[in-house]
Every structure is written in structure tokens, then in C-alpha cells.
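This report refers to the structure that appears directly beneath it.
The values are calculated or read from the model by the stated rules, or taken from the named source; none is laboratory data. Because the structure is predicted, anything quoted here is derived from the model rather than measured. Cβ placement follows ideal geometry from the backbone for every residue including glycine, while neighbour counts extend to all protein chains displayed. Remember, those area values only see protein heavy atoms, side chains included, never the ligands or the DNA or RNA. Shrake-Rupley method; radii C 1.70, N 1.55, O 1.52, S 1.80 Å.
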Amino acid sequence: MIEIRNTLVSLDLIERYFCCDLEACKGACCIEGDAGAPVTEEECAEIEKALPAIEADLLPGARQAIHDDGVAYTDEEGDLVTTIIHGANCAFSCYDADGKCICALEKACREGRSGFLKPQSCHLYPVRLKEYDGFTAVNFHRWKICKPAEVLGRKLGLRAYKFLREPLVARFGQEWYDELCLVAEEYLKQYPTKD
């Protein structure tokens, strides 16, 4: 772990290569798993505001699931997570013309129909944050469905922290990210990882 301000950053974020490969994984992270994506109460309010903009993009059954269960629920571990459909898809997922599962919230935002991009936990993935008293742990989550992302990242020479520049800046600020880059460059000079 590397300390940057009030965060402890996993070395995996610096050492690992990563670049989402939707052509290979087809958006499996929005389908696989045993619960929805972690969300905050504030994000739930933003999702509720975005519902009219995404309603037409939602999968069959999603509107009913959201009506019945709301935009989020508390999972078995006590975390607030997005509603899912039939134990699989996130209720806010949809499919593009090529059969890739994508985020209806992000689609609407990028098309100018909504101002909310998506939950921070989705934007940051494969980073997972854990809040502690006085600091935040910035961890890199490895999941077999993301193997194509690691392969593509290695092929492109793109480290995870560089791939995740936009969401890391959104969460921690540009100065924090610039400091992470400096630390990462020095670390990789001292401890080069095998390509």
C-alpha cells in the first residue's frame, strides 16, 4: 500500500495493467455477481431523478423491479446496492445493437438526457473503496470476468491507475491524482514489474 494524503492505495492499482474490453466481456460486470452495485443515499436520489430519462432504455422487468423494490436495496452484507432483475442484471443496464450490456444511466448522460453519469462504484471499477476512521483504502478488485481487461491493458501498456484517471480525479481531485502518478512513476522505476 502507498499512502497519498488520507488514502492508502493498493500497489495493484499501480502494477496491474487494465483497460475495459467490452468487445470481449460484453459488459459482464453489469450482469454477474450476487448483488447490485454499491450506492449511496445521495446516488439513489440522483438515480430517481434520472428515471424518466432512462425508462425507455430499461430491460423488460426492470421498471417493475424498480417499482416494487426501489432503485436500491440492502444486501446480505448490509450494503446499499442497486436493484437487480431476476438475480442477475443491474436494473439500470441495457443492451446496445452489438449485444453488449451497458449502463442506461451512462448512456442517457452521454446523450445529454440526464446529468447523472452512474454510481461512483461503477465508474471506479475495478477499484473498490473502503472507508475507515481517518482514511480511505483504495483497493484493486480482481474478478475473472475482467481477465480480457487485464489482457488488453497489458497489450496497450496501460496501467490501471492511468485507465481510471477520470473516475479517480472525480473522486479524489486532480492534485491527488497527480501525486498518485508521481508516486507510481517512482515506484515503477524502483520496482519494475514483469511485462
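Data table
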item	result
The chain: angle of helix 41-54 to the longest principal axis, Cα-based, in degrees nearest 10	60
Backbone HN-Hα couplings from phi across segment 20-34 [Karplus 6.51/-1.76/1.60, Hz, Gly and Pro as x]	3, 10, 4, 5, 8, 8, 6, x, 4, 5, 8, 10, 6, x, 9
Long-range HN-HN contacts of Leu158 with modeled amide H, under 5 Å	Phe18
Cross-link pairs Lys49/Lys130; Lys130/Lys162; Lys49/Lys147; Lys100/Lys147; Lys147/Lys189; Lys107/Lys130 - those with Cα-Cα distance over 24 Å	Lys49/Lys130; Lys49/Lys147; Lys147/Lys189; Lys107/Lys130
Solvent-accessible heavy-atom area per residue, rounded to whole Å², over the chain at 1.4 Å	56
Phi-based couplings in Hz for segment 3-19 (Karplus 6.51, -1.76, 1.60; Gly and Pro marked x)	8, 10, 6, 9, 10, 10, 9, 4, 4, 4, 5, 8, 7, 7, 8, 6, 7
Solvent exposure ordering (accessible area, 1.4 Å, most first) of Cys94, Cys25	Cys25, Cys94
Gained length - Arg110 relative to Glu42, 0.36 nm times residue gap less alpha-carbon distance	22.4 nm
222 nm mean residue ellipticity, helices alone, for the chain (DSSP H n ≥ 4; -39,500 (n - 2.57); rounded to 500)	-11500 deg cm²/dmol
Computed E for Gln174/Glu77 - FRET, C-beta separation, R0 25 angstrom, nearest 0.05	0.15
Placed amide H near Thr83: partners under 5 Å, 5+ positions off or other chain	Ala72, Tyr73, Ala91
Binned Cα-Cα distances of the chain, short to long, each 5 Å bin given as a whole percent	1, 7, 14, 19, 18, 16, 12, 7, 3, 1, 0
Inter-probe distance in nm under a simple model that places probes 7 Å from Cα toward Cβ, at Thr136 and Glu166	1.8
Extreme residue, positive dipole direction of the chain, given options Ala104, Phe135, Ala35 (C-beta unit charges)	Ala104
Using θ = phi - 60° and Karplus 6.51 cos²θ - 1.76 cosθ + 1.60, couplings along segment 93-106 (whole Hz; Gly, Pro as x)	9, 8, 10, 8, 5, 8, x, 8, 7, 10, 8, 5, 5, 5
With 5 Å bins from 0: P(r) over segment 1-113, alpha-carbon pairs, percent	2, 11, 18, 20, 17, 14, 10, 6, 2, 0
